[in-house]
Amino acid sequence: MNPNILQEQIEYYRERASEYDEWFFRQGRYDRGEAHRQQWLTEISEVESALFSLGLYLSGDILELACGTGLWTQFLAPSATRLVAIDTAPEVIALNRHRLGDRSVEYIVADLFNWTPTQKFDFIFFGFWLSHVPMDKFNDFWQMVGSALKPDGRVFFVDSLFDRTSPAINHAELHQQGYAERKLNDGRIYRVVKIFYEPIQLEKSLQDLGWSGRIDATANHFIYGSLCLSRS
């Protein structure tokens with residue numbers, strides 16, 4: 001993987017901070033009609049329900065990787081004894097902080113490819129981040145996650161299925177070559193890492209790294225999973 005693409009990815013998400021929620025809520029260039037929006041939001045609700053079903057796991061010391069604008073942080077904060085949220089873009093952390101208001105969240109600006117955890121957490125969450133991890137960093141990323149997890153801790157993630165209706169209408173055609181071209185509202189174009197997984201394929205890869213759990217997919221748009229480290 002060309003290291004320049006990782007720098008482009010960081011720059012893209014810094015510049016896109018104020019536009020990010022348009023993608024999540026299917027607004028502006030991501031608006032593909034009401035039927036599409038309702039299906040998208042229904043599938044988001046399915047993922048939220050799977051997250052909430054973890055119950056007591058959503059407590060104690062919680063770590064959110066690539067926390068973004070707070071769309072998921074807002075669900076983690078109420079039940080956390082301590083919540084640490086990390087992102088490489090200070091611009092999205094500012095938006096996250098605004099969305100969460102006065103809630104006590106510890107924010108860290110850091111590049112996750114160069115960040116080393118110094119403590120362990122009961123629960124680790126990351127949303128729409130795994131697909132931006134290059135394949136040559138996949139094992140190292142999951143090793144880092146495991147090193148930050150308490151023995152009885154759990155990991156939950158959500159990401160994108162290969163879905164041609166997910167990008168903006170004026171984005172380049174989606175493909176499965178490990179990267180994607182993304183356009184900002186002002187027309188600037190960046191390359192980002194974008195790797196799509198199928199549940200069975202990803203489950204097997206993670207089992208080989210010592211993880212156990214279930215990975216599911218919604219009807220069209222999302223993949224999500226709940227995992228823990230296998231006990232030897």
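Among the conditions (1) crowded, with 16+ Cβ neighbours inside 10 Å; (2) touching a residue at least 24 places away in the same chain (Cβ under 8 Å), the only one that Glu11 does not satisfy is (1).
Scanning the range 24-38 for residues that are crowded, with 18+ Cβ neighbours inside 10 Å and not in a loop (DSSP other than H, G, I, E, B) returns a single hit, Tyr30. So which residues in the range 72-108 are in contact with a helix residue (DSSP H, G or I) (Cβ under 6 Å, 6 or more places away or on another chain), touching a residue at least 40 places away in the same chain (Cβ under 8 Å) and part of a loop (DSSP other than H, G, I, E, B)? Within the range 72-108, Thr88, Ala89 meet the criteria. Working only within the range 109-127, note down all residues that are of a type outside the set (A, V, I, L, M) and either surrounded by fewer than 19 Cβ atoms within 10 Å (Cβ to Cβ) or without any contact (Cβ under 8 Å) to a residue 24 or more places away in the chain (or both). Within the range 109-127, Asp111, Phe113, Asn114, Trp115, Thr116, Pro117, Thr118, Gln119, Lys120 meet the criteria. Would you confirm, using the coordinates I've provided, whether Leu41 is within 22 Å of His171 (Cβ to Cβ), without any contact (Cβ under 8 Å) to a residue 60 or more places away in the chain and not hydroxyl-bearing (Ser, Thr, Tyr)? Answer is yes for this residue.
Residue check: is Glu19 under 12 Å from Ala89 (Cα atoms), surrounded by 15 or more Cβ atoms within 10 Å (Cβ to Cβ) and either at pLDDT 95 or above or of a type in the set (Gly, Ala, Ser) (or both)? Walk me through how you get there before you give the answer.
Numbers: under 12 Å from Ala89 (Cα atoms): no; surrounded by 15 or more Cβ atoms within 10 Å (Cβ to Cβ): yes; either at pLDDT 95 or above or of a type in the set (Gly, Ala, Ser) (or both): yes.
No.
Residue-level check: of (1) surrounded by 15 or more Cβ atoms within 10 Å (Cβ to Cβ); (2) more than 23 Å from Glu46 (Cβ to Cβ), Arg231 misses just (1).
Which members of the range 112-133 meet the condition of being within 14 Å of the chain's Cα centre (by Cα) and either assigned to a loop (DSSP other than H, G, I, E, B) or within 16 Å of Leu209 (Cα to Cα) (or both)?
The answer is Leu112, Phe128, Trp129, Leu130, Val133.
Scan the range 139-181 for residues that are of a type in the set (D, E, K, R) and touching a helix residue (DSSP H, G or I) at 6+ places or on another chain (Cβ under 6 Å) and the total you get is 2. Within the set Gln27, Gln9, the sole residue that is at pLDDT 95 or above and more than 24 Å from Leu112 (Cα to Cα) turns out to be Gln27.
The values are calculated or read from the model by the stated rules, or taken from the named source; none is laboratory data. Quick caveat: nothing in here was measured; it's all calculated off a predicted structure. Every residue, glycine among them, receives a Cβ derived from its backbone with ideal geometry; neighbour counts consider all protein chains shown.
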